[in-house]
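Reading through the structure tokens given below for one structure.
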Amino acid sequence: MKKKVISVLVAATMVVSLFTACGSTSKDSAAADKTKTEDTAEASDKEAKDVSDLVIGEIEYAVVEDGGWAQAMHESMLAACKNLGIDTEKNLLTAEEIAEEDPSLIESTIEEMVDNGADIIFGCSTGYGAVLAEMQEEYPDVVFAQYENDIYENVVEFQIRGYEGEFLAGYLSALMNTESNQFGFCASMDEASVRTALNSYALGAKYGNPDATVQVLWADSWYDLDVEGQNAKTLIDNGIKYMGMEASSPAVPQTCEQNGAFCIGYNINMQPSAPKAVLTSFTWNFAPIFEEIMQQTADGTIKIDTDYYEGGDCAKLADFNADLVPADVQAKVNELKDKIASGEVSVYAGELKDDQGNVLVEEGQVMSDEDILAQDFFVSNVTGGKK
Amino acid sequence: MKIKFRKERREKQTIIRTILTSLLFTVLALAACGIIIAASGFNPIEVYTKMISKVFFTGRGIRKMLDASLPLMLCSLGVALTFKMNLNNIGAEGQYAMGVIFGGAFAMYGPRIDGFAGILMLAVCCFAGGALWALLCAIPRALWDVNESITTLMLNYIALIILSYLCLGPWKAAGQNVGQTEKLRAGLELPALGGAKVSSGIVIGVVAALIIYMIYKSTTLGYQMSVVRYSQGAARFAGINIKRNIILALVISGGLAGLAGCLQYAGVSQRIMEGMPNNAGYTAIVIAYLSKLNPLAIIIVSILFAGLQNSSATVQVMGVPTQIATMIQGTIMLFVIAGDYFQRYRLIRVKEVES
């Protein structure tokens, strides 16, 4: 009986809410569509502006000193502003710890930035895209840029071909590891971008040593000092001396240092946290992309449906740890880097098989960008991949 | 002569005193934070003026504040309901997640019913999800006296992991690398309140609070709950079915948290996201406490709290570091809770003559 009463109450609640609501949603979206079409018509005759006068909004999910992703983004942002003469004290509006799950907070942040004259707003973590795309319709004069795949027509989207750098990392490990065919990898969550890092590391190791196998251990968390450290220790206890990582904390490098193993850092240059273990680090360098977006916004030439997917210097390794990596190895890695840049070597080139023995890419072919971005496989020399 | 104080319990707590004390301690908290803001090189008056005027006195700020208050409000109502019976439901976070999961399952796999009937079914599914998750703790608590603080807390992690699995796995929107689903189809969206662009979820929240208030005030269930709260023994002698009341309170509480998920999903975010509850279930505990478990006070406190959370954007864009924005929130909370002492007790000066 009581349950019935409750369901009646819930029903009553809904009725009241619907009566009070009016059908304004459809009108709203119609109006939004209208402004959108007007905007695309106007896009070409936007006024040009001096690039150093741009006001830039930066939305981060963590603090910018997080030692990982947000720091890599922020350093790129600072570098880009510096190159273009933008005063970061005055014209760079940074909002940190804006939860991707909190649309109201994201919207408040964007509106606050627009009120403060922002010309571009950068969403620096993947989860802001949907809100940014909606806000663009409200503020058609502001350029919205977002780190993600090509999804929205009204948002500039940018990504980096991180697999190039991770491929070099794997190759470097293979050159250094002359005693064994076994490599390790500490991964965070099982997700396409993480698989990309793992697979390209494994392919790089294989490029340097055809018998290389990569054992992966998962933290199942985006950031977990304990589990990441334990995973590194387990790999080391099983005789693995060289490992790659897709993890944000300094736990892996530090565990390697304590146990005489070596690793390639991730996100930012991790050498300072473990100078005796970090050979080099895979780093995200968004500065060239940011610079281009800023310059074009200033010139009024930006097209808001642009998508960047850049490799080369954007996906580079940090400086080598000269105490650990001999000069001839450094030269070989740099040589491979040039070969990738010139197109002579392609990371996801056929014949490529997954860990189940299925052919992913036929001999003589290369994988499409779409498949690279949505990796749902593990390459053949990865062990410990999730099913 | 020494000056000493003695505390004396106040007999009556008037609403005016509660409001005034809370205001006073909020001001004290702001003053305390002001010192740190000034020390880090900003003018506290300027920061506060901008923060308060933007969030509480602009149309946009109010709109965002109301939207952000929805999950907090519903979760707090649920949590307060169990606190009323001396039960600790720490699991609003997980019940919220489970509610969203059930709602998502309905939206994606259920019959394509749109409009009022569809939204109603979505709400029922969300409520059921949260209620079911709470039931898993309610039955062991009622039958075998298993501590519900622990079971509800632990089930949070399980629910969040299931949510994360779904958002990164089978429910992930095509072509994305983000743990979020496709947009909810338009027919299931909660309509906005006429012209104001505020989600009509706020009406549901207020109505839910009123209903709960009425339950407390004028139903047998409400009366029985308050008896159980003050003395289980007395309740037993009076022939009140304690087990049934425990299960009922926890299940409704879970259902309300699930409904919070529904309002956020259908009213604000329109997508299900990995980590969607975003600590609303835990913040709800603080809000329930600050509101003294009064459903009507919960409406006000959760709206103010949401405003406070949103103010972090304004403060940060001024250049004040995020840590200070978070600190202001924490300090206000702490001071207001401390101020509660002065609502319950009065200090009386005792004059003592040294012999």
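The values are calculated or read from the model by the stated rules, or taken from the named source; none is laboratory data. Model, not experiment: these values are computed from the prediction. Heads up, the Cβs are rebuilt from the backbone with ideal geometry, glycines too, and the neighbour counts pull from every protein chain shown. In case anyone asks, the SASA skips ligands and DNA or RNA and just uses the protein heavy atoms, side chains included. Shrake-Rupley method; radii C 1.70, N 1.55, O 1.52, S 1.80 Å.
Of all residues in the stretch B:311-337, those satisfying the criterion of being free of Cβ contacts under 8 Å to residues at least 60 places away in the same chain and over 19 Å from the mean Cα position of the chain (by Cα) are B:ALA313, B:GLN316, B:VAL317, B:THR322, B:GLN323, B:ALA325. Among the residues of the stretch A:190-247, just one is touching a strand residue (DSSP E or B) at 6+ places or on another chain (Cβ under 7 Å), under 16 Å from A:GLY170 (Cα atoms), within 14 Å of another protein chain (Cβ to nearest Cβ) and surrounded by fewer than 23 Cβ atoms within 10 Å (Cβ to Cβ), namely A:VAL194.
Per this entry, A:MET270 is not counted among residues that are open to solvent by less than 50 Å² (accessible area, probe 1.4 Å), in the same structural domain as A:MET73 (by TED's automatic domain parsing) and hydrophobic (A, V, I, L, M, F, W, C). Among the residues of the stretch B:149-208, those identified as part of a helix (DSSP H, G or I) and aromatic (Phe, Trp, Tyr) are B:TYR157, B:TYR165.
Of the numbered criteria (1) more than 21 Å from B:MET121 (Cβ to Cβ); (2) at pLDDT below 85; (3) open to solvent by less than 30 Å² (accessible area, probe 1.4 Å); (4) out of contact with any Lys or Arg (no Cβ under 8 Å at 6 or more places or on another chain), the one B:ALA192 fails is (1).
Out of B:LEU334, B:LEU347, one residue alone is more than 18 Å from A:ALA95 (Cα to Cα), of a type in the set (A, V, I, L, M, F, W, C), in contact with a helix residue (DSSP H, G or I) (Cβ under 8 Å, 6 or more places away or on another chain) and surrounded by fewer than 18 Cβ atoms within 10 Å (Cβ to Cβ). It is B:LEU334. The condition (being under 30 Å from B:CYS125 (Cα atoms), open to solvent by 30 Å² or more (accessible area, probe 1.4 Å) and either in contact (Cβ under 8 Å) with a residue 12 or more places away in the chain or away from chain A (no Cβ under 14 Å) (or both)) is satisfied by just one residue among B:ALA38, B:ALA105: B:ALA105. Once the stretch A:92-125 is narrowed to residues that are part of a helix (DSSP H, G or I) and either in contact with a Lys or Arg (Cβ under 8 Å, 6 or more places away or on another chain) or without any contact (Cβ under 8 Å) to a residue 24 or more places away in the chain (or both), the residue that is most open to solvent (accessible area, probe 1.4 Å) is A:ASP115. Within the stretch B:114-140, track down each residue that is more than 10 Å from chain A (Cβ to nearest Cβ), surrounded by fewer than 17 Cβ atoms within 10 Å (Cβ to Cβ) and free of Cβ contacts under 8 Å to residues at least 60 places away in the same chain. Of everything in the stretch B:114-140, just one residue is more than 10 Å from chain A (Cβ to nearest Cβ), surrounded by fewer than 17 Cβ atoms within 10 Å (Cβ to Cβ) and free of Cβ contacts under 8 Å to residues at least 60 places away in the same chain, namely B:PRO140. The set of residues in the stretch B:62-85 that are over 20 Å from B:PRO295 (Cβ atoms) and open to solvent by less than 10 Å² (accessible area, probe 1.4 Å) contains only B:LYS64. Taking the criterion of being within 22 Å of B:ILE298 (Cα to Cα) and assigned to a helix (DSSP H, G or I), the residues of the stretch B:31-58 that qualify are B:ILE52, B:VAL55, B:PHE56.
Taking the stretch B:146-205 as the range and being aromatic (Phe, Trp, Tyr) and more than 10 Å from chain A (Cβ to nearest Cβ) as the test, the residues that pass are B:TYR157, B:TRP171.
Scan the stretch A:178-189 for residues that are open to solvent by 10 Å² or more (accessible area, probe 1.4 Å), in contact with a strand residue (DSSP E or B) (Cβ under 7 Å, 6 or more places away or on another chain) and assigned to a loop (DSSP other than H, G, I, E, B) and report the count.
From the stretch A:178-189, those open to solvent by 10 Å² or more (accessible area, probe 1.4 Å) are A:178-182, A:189; that's our starting set.
Of the ones still in play, those that are also in contact with a strand residue (DSSP E or B) (Cβ under 7 Å, 6 or more places away or on another chain) are A:181-182.
Next cut, assigned to a loop (DSSP other than H, G, I, E, B) only: A:181.
Total satisfying the criteria: 1.
On inspection, A:VAL227 fails the criterion of being within 16 Å of A:GLY68 (Cα to Cα) and in a helix (DSSP H, G or I). When residues in the stretch B:198-219 are screened for being among the hydrophobic types (A, V, I, L, M, F, W, C), open to solvent by less than 40 Å² (accessible area, probe 1.4 Å) and touching a residue at least 24 places away in the same chain (Cβ under 8 Å), 6 of them pass.
For the stretch B:281-296, how many residues meet the condition of being open to solvent by less than 30 Å² (accessible area, probe 1.4 Å) and either in a helix (DSSP H, G or I) or within 13 Å of chain A (Cβ to nearest Cβ) (or both)?
Number of matching residues: 6.
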